[in-house]
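Read-outs: derived from the displayed coordinates by stated rules, not from any lab. Only a predicted model underlies this, so the values are computations on that prediction, with no experimental measurement involved. Note that we place each Cβ from the backbone using ideal geometry, even for glycine, and neighbour counts take in every protein chain shown.
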Amino acid sequence: MRRHIGATANLVLLFGLARPSESQSCGFPWTFSTTPVSGQSVAITVCGLYTTCRPHNPQFTVSGSQVTITYTGAELPSCQCLVTINTFTDTIVVGPLVTGTYSVNLTLLECGQQQPSGSGSFTFAGMSSIPTLDWRGVAALVTVVAIAGVWLLRGGTLS
């Protein structure tokens, strides 16, 4: 009876720890989100659940409108690691990209075998390589120029 209670408690603890918190959307299949970081690159944040080795060493390829991101899990030749259930989050910068819609495939290389782990798509609009001002920046610039103009008209000097 005592072993039964202990085993039940361990299972409850395991499932309680393995579940991501309500604020996370990590699970299986893996998910991703994107953030433009330059005129030709995007940061892709991957979030997922793993049950063996922690995914590491992300590698990406861009072929046309297809982005493939591969993480490594258990590595050859031993394929050994501590068995655990946990979530991970990782961000990688992918580029160069051109404006368009991209399909993303997330895979895990586990003991030399590729395992599909998630997919989706995103639209990359690119970013201007020339800095621009939004309406607040333009308003601030106009205000500063107006103040400087009034100051100079009243006899101020720039020395």
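Say we look at the stretch 64-114 and pick out the residues that are free of Cβ contacts under 8 Å to residues at least 24 places away in the same chain and not small (Gly, Ala, Ser); which of these is nearest to Pro36 (Cα to Cα)? Don't jump to the end; show me each part of the working.
So the first thing to find is which residues in the stretch 64-114 are free of Cβ contacts under 8 Å to residues at least 24 places away in the same chain, and the list is 64, 77-78, 80, 113.
Checking the rest, the ones that are also not small (Gly, Ala, Ser) come to 77, 80, 113.
Numbers: Pro77: 38, Gln80: 37, Gln113: 31 Å.
Looking at residues that are free of Cβ contacts under 8 Å to residues at least 24 places away in the same chain and not small (Gly, Ala, Ser), I get Gln113.
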> Of the residues in the stretch 54-78, how many are more than 24 Å from Leu97 (Cβ to Cβ) and surrounded by 14 or more Cβ atoms within 10 Å (Cβ to Cβ)?
Replying inline: 4
> Is there a residue in the stretch 125-147 that is touching a residue at least 24 places away in the same chain (Cβ under 8 Å), surrounded by 11 or more Cβ atoms within 10 Å (Cβ to Cβ), touching a Ser or Thr at 6+ places or on another chain (Cβ under 6 Å) and in a strand (DSSP E or B)?
Replying inline: no
